[in-house]
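**Student:** Just passing along the structure, written as structure tokens.
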Amino acid sequence: MQQTPRRHASLASGVGLRLPHIAEVVATRPQAAWFEIHPENFLANPHAAELLGEIARHYPISVHTVGVSIGSAGGIDRAHLARVARLIDAVDPILVSGHLAWSTHAGEYLNDLLPLPYDANTLAVLARHVDEVQQALGRTYLVENPSSYLGFAGSTMTEFAFLSTLVERTGCQLLCDVSNVYLSSHNMGYDARAYLDGLTADAIGELHLGGFTREADEATPGGDVLIDTHATRVADAAWELYAYAIRRFGRRPTLIEWDNDIPALATLLDEARRAERIAESASDLEASRAAG
Ligand SMILES: [Fe+2]
């Protein structure tokens, strides 16, 4: 059985730890609630891995895998999973997560997180792979909703129903990326709040927030598409949806993701403090509503 996650060890907001900030974090020990890492950044970089060990002695760490491709029909790369498991044993993270996507095929690693049709066959493959990952890691795995630009005509269920059934079948949890819900709902034309209403609060182990970029949609004259660039501050509309998510699910550990045009660490920590303030006032509001 999986180890129970220490998911509420920290309900505060963390930031993604990216390579340009690692030495600064070691040297200055900034006030930060926790850091999320991509294990793939450390597996072939012994110096960074050594610094990560140092950081893990002072801060809670969340491990967000990007190369464990649970959606690949050809199966999980067990050698890669074993390397991730060793890193997880070394840093003893508070959370371990990955994407609802596929990113490998026939031993090739692709640079994108690619979408899946939401149907019974895909669900069976995903459930098998999530079981395998949870067994190998000895921990609950959190599955993250993707950013969507296109759907499959063959999908037979909504994404939130697909994720909820995956939780029921495997005992996994969900990492709800609120910015992804916002931008996917814009791109795919559905109601973002109805999507959040479709998820069970108990299943939500973590939230993500990241910046996106608006571009003209060449397929729709006058239309636009939101791209999940993680290259800007969180948009006001995503903050609003975050407040709704907190009222709906309660407070959850929340991560600020920023992967391109990476700013000063202080900017990331400032975004994390904004998440704290919004979560605090949203949960206070919900508590006073519940009190009558
Ligand atoms: Fe995310």
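The values are calculated or read from the model by the stated rules, or taken from the named source; none is laboratory data. This structure is a prediction, so every number in the text was calculated from the model and none was measured. Heads up, the Cβs are rebuilt from the backbone with ideal geometry, glycines too, and the neighbour counts pull from every protein chain shown. Ligands, DNA and RNA are stripped out before the accessible areas are found, and what is left, the full protein with its side chains, is counted by its heavy atoms. Shrake-Rupley method; radii C 1.70, N 1.55, O 1.52, S 1.80 Å.
**Student:** By average Cβ neighbour count within 10 Å, what is the ranking of 56-65, 79-88, 205-214 from highest down? Let's see the in-between values first.
**Tutor:** On the way: 56-65: 19.2, 79-88: 16.3, 205-214: 22.5.
Highest to lowest by the protection proxy: 205-214, 56-65, 79-88.
**Student:** Right, next: Take the alpha carbon atoms of region 51-87, find their center, do the same for region 114-187, and report the distance between the two centers in whole angstrom.
**Tutor:** With region 51-87 and region 114-187 each reduced to a Cα centre, they are spaced 18 Å.
**Student:** Right, something else. Between E132, E168, E280, which gets the highest mean-square fluctuation from a Gaussian network model of the chain, Cα cutoff 10 Å?
**Tutor:** Judging by the Gaussian network model, the answer is E168.
**Student:** Then there's this: Per-residue HN-Hα couplings for region 197-212, Karplus 6.51 cos²θ - 1.76 cosθ + 1.60 at θ = phi - 60°, whole Hz, x for Gly and Pro?
**Tutor:** 5, x, 9, 7, 4, 4, 7, 8, x, 7, 10, 10, 9, x, x, 10
**Student:** Something else now. Using the Cα centre of the chain as origin and beta-carbon charges of +1 (Lys, Arg) and -1 (Asp, Glu), tell me which of I262, P20, V133 is placed farthest towards the positive end of the dipole.
**Tutor:** Selected residue: V133.
**Student:** Which whole-Hz ³J(HN,Hα) couplings does region 175-183 yield from phi under the Karplus relation 6.51 cos²θ - 1.76 cosθ + 1.60, θ = phi - 60°, glycine and proline marked x?
**Tutor:** Couplings: 9, 8, 7, 5, 5, 5, 4, 5, 6 Hz.
**Student:** How do the peptides 270-278, 187-195 rank, highest first, by the average count of neighbouring beta carbon atoms within 10 Å per residue?
**Tutor:** Descending packing order for the listed peptides: 270-278, 187-195.
**Student:** Can you order the peptides 217-223, 242-248, 115-121, 27-33 by their average number of other Cβ atoms within 10 Å per residue, highest first?
**Tutor:** In decreasing order of mean packing, 217-223, 242-248, 115-121, 27-33 become 242-248, 115-121, 27-33, 217-223.
**Student:** In whole Hz, with x marking every Gly and Pro, tabulate ³J(HN,Hα) for region 214-230 from phi via Karplus 6.51 cos²θ - 1.76 cosθ + 1.60, θ = phi - 60°.
**Tutor:** Per-residue couplings from phi come out as 8, 10, 5, 8, 5, 7, 10, x, x, x, 9, 10, 9, 10, 7, 8, 6 Hz.
**Student:** Which value in deg cm²/dmol, rounded to the nearest 500, describes the helix-derived mean residue ellipticity at 222 nm for the chain, given -39,500 (n - 2.57) per DSSP H run of n ≥ 4 and division by the residue count? All intermediate terms of the calculation are to be shown ahead of the outcome.
**Tutor:** Details: 9 runs with 122 residues, N = 292.
The helix-only estimate for the chain comes to -13500 deg cm²/dmol at 222 nm.
**Student:** How do E159, E240, E54 stack up against each other in accessible area, from largest to smallest, with a 1.4 angstrom probe?
**Tutor:** E240, E54, E159
**Student:** A further question on this structure: Is region 141-292 rounded, prolate or oblate when judged by the Cα gyration tensor, a ≥ b ≥ c being the square roots of its eigenvalues, rounded requiring a/c under 1.5 and prolate requiring a/b larger than b/c? Numbers along the way, then the final one.
**Tutor:** Working: a/c = 1.59, a/b = 1.08, b/c = 1.48.
Oblate, since a/c reaches 1.5 and b/c is not below a/b.
**Student:** Given a 1.4 Å probe and the protein chains all in place, what does the accessible area of Y182 round to, in Å² to the nearest 10?
**Tutor:** So the heavy atoms of Y182 present about 50 Å² to solvent.
**Student:** If you restrict to DSSP beta bridges whose two residues both lie in the chain, what percentage is antiparallel, to the nearest 5?
**Tutor:** That works out to approximately 20 percent antiparallel.
**Student:** State in Å² the accessible area per residue of the chain; use a 1.4 Å probe, count heavy atoms of protein chains only, and round to the nearest integer.
**Tutor:** Details: 13080 Å² over 292 residues.
Per-residue value: 45 Å².
**Student:** Give me the percent of the accessible area of the chain that comes from carbon and sulfur atoms, probe 1.4 Å, all protein chains in place. Could you put the intermediate results ahead of the total?
**Tutor:** On the way: 6750 of 13080 Å².
Whole-percent figure for carbon plus sulfur exposure: 52.
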